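Undergrad: Sharing a structure with you now.
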Amino acid sequence: MIGYASKHGSTAEIADFIGKELKSKKTTVDIQPVIQVESVENYDVVIIGSPIYYGKWLAEIPEFVEINLEKLINIPVACFITCMAAIKTDEDNIKEANGHLTKSLAQIPRIKPFKTGYFAGKLDYKKCTLIETILMKVIMMWKGAEAGDYRNWSIIKSWTSAVLNVVELPES
Ligand SMILES: Cc1cc2nc3c(=O)[nH]c(=O)nc-3n(C[C@H](O)[C@H](O)[C@H](O)COP(=O)(O)O)c2cc1C
């Protein structure tokens, strides 16, 4: 199961992409927003993904983990985040993206993911409130970058392959 949170849709599309990659390996995958997940009882592996907003992943993720903790601590879990920090690969931005991941995982301390990752995301001012737009314009100016779609599908594909190298997924 791939459980995700997404405010503006770009992480949902990444979850969908990962799901399609896994399905192409002939396994069964459910892809759902975490707020809609009723139970994780029947899943062998869970992948959790969320964008970073204000330095943290969305609150739905720790809530989902808390509700399903007993099951999740007993199955393989992988986690990914999407963020603007990952759009550049210099030392400062890598440190920032790693910091986002570390801080997010610290919110679910009982989960020990077998695989983690951060992906560059997508920033679309048309989907932001005025305050969000102003804030992100300042941050992006400081970063020396433009808003846009920075998702790198080949990196996401490689990450998905790496997940498959660790866990044995049952064939559908
Ligand atoms: C209001 C706002 C706050 C954000 N805060 C951060 C942040 O603290 N660090 C970061 O690297 N990216 C930040 N981002 C970028 C988002 O993580 C990125 O746009 C992500 O791809 C959005 O995912 P979604 O489309 O699934 O909501 C922020 C974006 C917005 C609009």
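The values are calculated or read from the model by the stated rules, or taken from the named source; none is laboratory data. All values reported here derive from a predicted model rather than from experimental measurement. When we count neighbours, we look across all protein chains shown, and the Cβ atoms used for this are built from the backbone with ideal geometry, even at glycine. To get the accessible areas, we keep the full protein, side chains included, count just its heavy atoms, and leave off ligands, DNA and RNA. Shrake-Rupley method; radii C 1.70, N 1.55, O 1.52, S 1.80 Å.
Undergrad: In the stretch 91-129, how many residues are hydrophobic (A, V, I, L, M, F, W, C), touching a residue at least 40 places away in the same chain (Cβ under 8 Å) and open to solvent by 40 Å² or more (accessible area, probe 1.4 Å)?
TA: The qualifying residues number 1.
Undergrad: Further question: Is it fair to say LEU123 is modelled with pLDDT of 95 or more and near the ligand (Cβ under 9 Å from one of its atoms)? Steps first, please.
TA: On the way: modelled with pLDDT of 95 or more: yes; near the ligand (Cβ under 9 Å from one of its atoms): yes.
In short, yes.
Undergrad: Can you run down the residue pairs with Cβ atoms below 9 Å, 6 or more apart or on separate chains, where the first is in the stretch 1-16 and without any contact (Cβ under 8 Å) to a residue 24 or more places away in the chain and the partner is near the ligand (Cβ under 8 Å from one of its atoms) and assigned to a loop (DSSP other than H, G, I, E, B)?
TA: Close Cβ pairs satisfying both conditions: ALA12/ALA5; ALA12/SER6.
For every residue, the table says whether it meets (1) in contact with a strand residue (DSSP E or B) (Cβ under 8 Å, 6 or more places away or on another chain); (2) over 21 Å from ILE18 (Cα atoms); (3) at pLDDT below 95.
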{"residue": "ILE87", "(1), (2), (3)": "yes, no, no"}
{"residue": "ASP92", "(1), (2), (3)": "no, yes, yes"}
{"residue": "ALA97", "(1), (2), (3)": "yes, no, no"}
{"residue": "LYS137", "(1), (2), (3)": "no, yes, no"}
{"residue": "MET141", "(1), (2), (3)": "no, yes, no"}
{"residue": "TYR150", "(1), (2), (3)": "yes, no, no"}
{"residue": "LEU164", "(1), (2), (3)": "no, no, yes"}
{"residue": "SER172", "(1), (2), (3)": "no, no, yes"}
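Undergrad: Across the stretch 8-41, what is the number of residues that are of a type outside the set (Lys, Arg), away from the ligand (no atom under 16 Å from the Cβ) and assigned to a helix (DSSP H, G or I)? If you could, list the steps in order and put the result at the bottom.
TA: Of the residues in the stretch 8-41, the ones of a type outside the set (Lys, Arg) are 8-19, 21-22, 24, 27-41.
Still in the list and also away from the ligand (no atom under 16 Å from the Cβ): 21-22, 24, 27-30, 37-41.
Those left that are additionally assigned to a helix (DSSP H, G or I): 21-22.
Total satisfying the criteria: 2.
Undergrad: Here is a follow-up. Can we say PRO62 is more than 16 Å from the ligand (Cβ to nearest atom), over 18 Å from ALA97 (Cβ atoms), in contact (Cβ under 8 Å) with a residue 60 or more places away in the chain and not hydrophobic (A, V, I, L, M, F, W, C)? I'd like the intermediate steps shown before the answer.
TA: Details: more than 16 Å from the ligand (Cβ to nearest atom): yes; over 18 Å from ALA97 (Cβ atoms): yes; in contact (Cβ under 8 Å) with a residue 60 or more places away in the chain: no; not hydrophobic (A, V, I, L, M, F, W, C): yes.
Considered against the rule, which asks whether it is more than 16 Å from the ligand (Cβ to nearest atom), over 18 Å from ALA97 (Cβ atoms), in contact (Cβ under 8 Å) with a residue 60 or more places away in the chain and not hydrophobic (A, V, I, L, M, F, W, C), PRO62 comes out as no.
Undergrad: Pick out the one residue from ILE134, ILE48, ILE139 that is in contact (Cβ under 8 Å) with a residue 40 or more places away in the chain and surrounded by fewer than 14 Cβ atoms within 10 Å (Cβ to Cβ). Step through it out loud before you land on a result.
TA: On the way: ILE134 fails: in contact (Cβ under 8 Å) with a residue 40 or more places away in the chain; ILE48 fails: surrounded by fewer than 14 Cβ atoms within 10 Å (Cβ to Cβ).
After ruling out the rest, the residue left standing is ILE139.
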